[in-house]
Every structure is written in structure tokens, then in C-alpha cells.
Amino acid sequence: MKRVFHATKYEGDTAITIPPFFKDAGRGTERIWGEETVIPQLTVINWPGLNDKESVELIPTLSTTDNWILLTHPKETSNKSQPHLEESQRTARADGKNSRHKGWWREGKDELATHSMTTEVWVSTRGRISEAIRMAIQEALEEENTKYTPSFGTEDLQEIYRLGTEAGLLGIYNFPGAVYATDGSNDKGVMGAGLFQLDEHRGGCCQLGRGEEGNSSNRAELGAACLALEDSKKQQNRKPIILLSDSAYFLSSSQKWTGEGKSPSMHGNPDADVMRDIVQLLRERIDQGPFTIFIKIKAHWGDPLNELADRWADEGRQSENIR
């Protein structure tokens with residue numbers, strides 16, 4: 001809605017759940033962040049995200065301005081549309097699609113959930129929106145994707161938000177070397193490996209073949225780590241790297257091959273072919289000097305780096321680059 005409507009302010013929800021790419025945010029007369037402005041801002045209003053008192057506080061503003069867009073659900077149990085105020089008109093409606101789990105930030109479930117509740121978009125009767133914008137809003141409501149697209153903007157608020165994520169609290173964004181986030185995907189026997197490279201802000205992926213040698217999410221995770229190490233080898237300026245993975249299996253498997261006095265074996269390892277490549281790439285990096293750090297981060301906890309790697313892993317399942 002921000003992209004379609006070019007809104008700069010958001011009304012509703014809480015400081016934790018409001019998207020960080022809005023310059024200003026509030027609930028009724030309460031300002032959550034941003035500054036008071038004399039000129040009314042283009043505003044997205046999540047009506048169910050307000051309580052009764054806050055809704056009443058907003059009505060005078062909605063009645064005298066026309067630069068807002070209101071998201072809501074039908075008021076009646078019959079699913080029949082009904083305007084929330086006289087000065088509004090419905091511009092789009094879609095039956096239940098995808099939205100975040102309620103309380104997702106408490107449980108770490110940032111994947112979208114399918115629901116049956118109808119969503120409507122209302123605008124001011126005094127305002128005018130083009131047919132192109134109305135169609136764009138309708139398409140956004142009907143989006144079938146079960147995963148949201150992570151925002152990775154350069155506005156101050158988004159940078160502050162990232163510093164509060166798991167990777168941000170670890171100081172990843174200030175690391176002087178290269179940062180890779182990796183993830184694997186396995187769906188119906190088709191495996192994909194994906195990476196996101198932070199300092200160059202780019203991604204990459206491949207499909208993992210040779211399914212007869214193993215078919216699992218663990219294999220896909222190893223493949224993603226191997227893909228990142230291969231990518232770092234191609235860089236002319238060999239730098240220290242941090243590799244972020246949400247796979248405990250990858251880190252525990254790699255740990256067997258670090259340190260002295262250990263004699264691990266590939267015997268019986270279903271992913272031995274991928275693990276051999278990882279070990280060889282690590283040995284080359286050790287011989288050349290730059291250090292390599294593996295860090296485990298939580299999966300699907302809203303961390304932008306992890307989520308971007310996840311999307312690239314999904315792309316990998318359809319990739320023509322088969323490894």
C-alpha cells in the first residue's frame with residue numbers, strides 16, 4: 001500500500017508490528033514515531049488495529065481530509081460492506097488471502113497465514129484515485145504469495161530497525177568484510193540453495209541436483225553454504241567473511257572439521273559430496289589468510305538478511321542453474 005499510494009504515515013497496530021518503512025506512525029492522537037506536520041500526510045489506516053477510542057479520535061481528521069486509505073473488514077457477520085463514515089467509499093475488496101499470524105513477533109512466525117476474512121479498502125468521497133491505482137490496490141489484496149517481500153530500504157528508520165534485529169545486535173552491519181546470509185529450500189523433492197550478499201546487495205541461487213545421493217532440507221542448507229563460499233572465491237579482493245545460517249545442522253557438521261586433534265570421517269554421511277566441497281573451500285581460505293566466521297541465527301524471526309536468503313532459496317528450486 002505504501003508503494004501504490006505513496007503514503008508516508010501509518011495509523012494502527014503497535015510500535016513492534018508497524019512496518020518500519022513509514023516515516024511517521026501513530027494511533028489516534030498518539031504519535032508512535034515521527035514528527036507532527038501542519039500539512040496532512042498521505043496515510044494508510046489499519047482500522048482493526050485501532051481500539052474504539054482511537055477510531056473515534058481519527059474520525060474528525062478523516063472527515064476533513066481526503067489523503068488517506070483505510071483497510072478494514074466488513075462490519076456485519078453477513079460479510080456485507082458498510083461504510084465506517086459517511087465521507088468514505090469502497091474502492092477494492094478481496095476475499096480471505098494471506099496475512100501475518102496474530103502475535104507473530106512473540107512466536108517468531110513471520111510466514112503468512114491464509115485466512116477467510118474479507119479485506120476492504122475505503123477512501124474519501126472527496127478524493128480521486130486513478131483506475132491504475134485502484135487496480136494496483138486490488139492486485140495487492142489478491143496476492144497469493146504466502147511469503148512477504150522483505151524491505152531493505154536506506155531510509156534512517158529502516159536502518160535503525162535493522163540494527164535492532166538479531167544480525168544488527170551482533171554488529172553484522174558494521175563488519176568490515178563480506179557478509180553472506182544463506183538458506184536452503186526443499187519442497188516435494190526439489191531442492192534450492194540461496195544466498196544474499198550484504199555489502200554488494202545481491203543474491204544468488206541454484207537448484208541442487210543429484211537427488212539420488214540425498215534429498216533433505218539439511219542437504220539444501222549445506223548447498224547454500226557451499227554456494228556462498230564458492231562466490232567468495234570468485235571475488236578479486238579476498239576479504240574476511242561472515243556466513244549467517246539458520247541451520248544448526250550445517251554448523252554442527254562443519255564444526256567436526258575445525259580445530260586440531262580431530263579425525264572426522266565422511267563415511268555414512270548422506271551429504272558427503274557437498275561437505276567435501278565445503279571443507280576444501282575452507283582449507284583454501286585458511287591457506288590464503290582471510291578468516292571465515294559461521295554464525296547461527298534464528299529462522300523466520302523477521303531478520304531481513306535471513307528472509308532475503310530464504311526467498312533466493314525458493315527461487316533456486318526453479319533455477320536452470322542445476323548443481
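The values are calculated or read from the model by the stated rules, or taken from the named source; none is laboratory data. In this text the structure is predicted, and so the values were computed from the model without any measurement. Here Cβ is always computed from backbone atoms with ideal geometry, including for glycine, and neighbour counts include all displayed protein chains.
Looking only at segment 303-310, decide whether some residue is assigned to a loop (DSSP other than H, G, I, E, B), more than 18 Å from ALA220 (Cβ to Cβ) and under 30 Å from the mean Cα position of the chain (by Cα).
Yes, segment 303-310 contains a residue that is assigned to a loop (DSSP other than H, G, I, E, B), more than 18 Å from ALA220 (Cβ to Cβ) and under 30 Å from the mean Cα position of the chain (by Cα).
Restricting segment 226-249 to residues that are under 19 Å from ASP187 (Cβ atoms) and of a type outside the set (S, T, N, Q) leaves a set whose member that is modelled with the highest pLDDT is LEU227.
Please go through segment 26-52 and give me each residue that is among the aliphatic types (A, V, I, L, M) and within 16 Å of ASN67 (Cβ to Cβ), ordered by number. Steps first, please.
Taking segment 26-52 and keeping what is among the aliphatic types (A, V, I, L, M), we get 32, 38-39, 42, 44-45, 50.
Selection gives VAL38, ILE39, LEU42, VAL44, ILE45.
Scoring GLU139 on the criteria (1) surrounded by 13 or more Cβ atoms within 10 Å (Cβ to Cβ); (2) at pLDDT 70 or above; (3) under 21 Å from HIS6 (Cβ atoms) leaves a single failure, condition (1). Find the residue count for segment 152-190, including only residues that are over 25 Å from ILE241 (Cβ atoms) and either at pLDDT below 90 or assigned by TED's automatic domain parsing to the domain that holds THR8 (or both). Adding up the residues that qualify gives 7.
For segment 180-213, the tally of residues that are within 20 Å of the chain's Cα centre (by Cα), in a strand (DSSP E or B) and surrounded by fewer than 24 Cβ atoms within 10 Å (Cβ to Cβ) stands at 6. Does LYS102 qualify as being at pLDDT below 80, under 27 Å from SER130 (Cα atoms) and exposed (fewer than 14 other Cβ atoms within 10 Å of the Cβ)? Against the criterion (at pLDDT below 80, under 27 Å from SER130 (Cα atoms) and exposed (fewer than 14 other Cβ atoms within 10 Å of the Cβ)), LYS102 does not qualify.
Would you be able to say whether some residue in segment 260-267 is surrounded by fewer than 13 Cβ atoms within 10 Å (Cβ to Cβ) and on the phi > 0 side of the Ramachandran plot? Within segment 260-267, one or more residues are surrounded by fewer than 13 Cβ atoms within 10 Å (Cβ to Cβ) and on the phi > 0 side of the Ramachandran plot.
Looking at segment 12-22 only, could you name the residues that are out of contact with any strand residue (DSSP E or B) (no Cβ under 7 Å at 6 or more places or on another chain) and more than 16 Å from ILE69 (Cβ to Cβ)? THR14, ILE16, THR17, PRO20, listed by residue number. Selection of segment 6-51 for residues being in contact with a Ser or Thr (Cβ under 7 Å, 6 or more places away or on another chain), without any contact (Cβ under 8 Å) to a residue 40 or more places away in the chain and of a type in the set (A, V, I, L, M) yields only LEU42. Among strands (runs of 3 or more DSSP E) entirely within segment 1-62, having at least 2 residues that are more than 21 Å from ARG93 (Cα to Cα) singles out 24-27, 30-33.
What residue, among those in segment 224-245 that are in contact with a Gly (Cβ under 9 Å, 6 or more places away or on another chain) and over 17 Å from CYS205 (Cβ atoms), is surrounded by the most Cβ atoms within 10 Å (Cβ to Cβ)? The selected residue is ILE241.
The set of residues in segment 308-320 that are over 18 Å from GLY189 (Cβ atoms) and either modelled with pLDDT under 90 or in contact with a strand residue (DSSP E or B) (Cβ under 6 Å, 6 or more places away or on another chain) (or both) comprises LEU308, ALA309, ASP310, TRP312.
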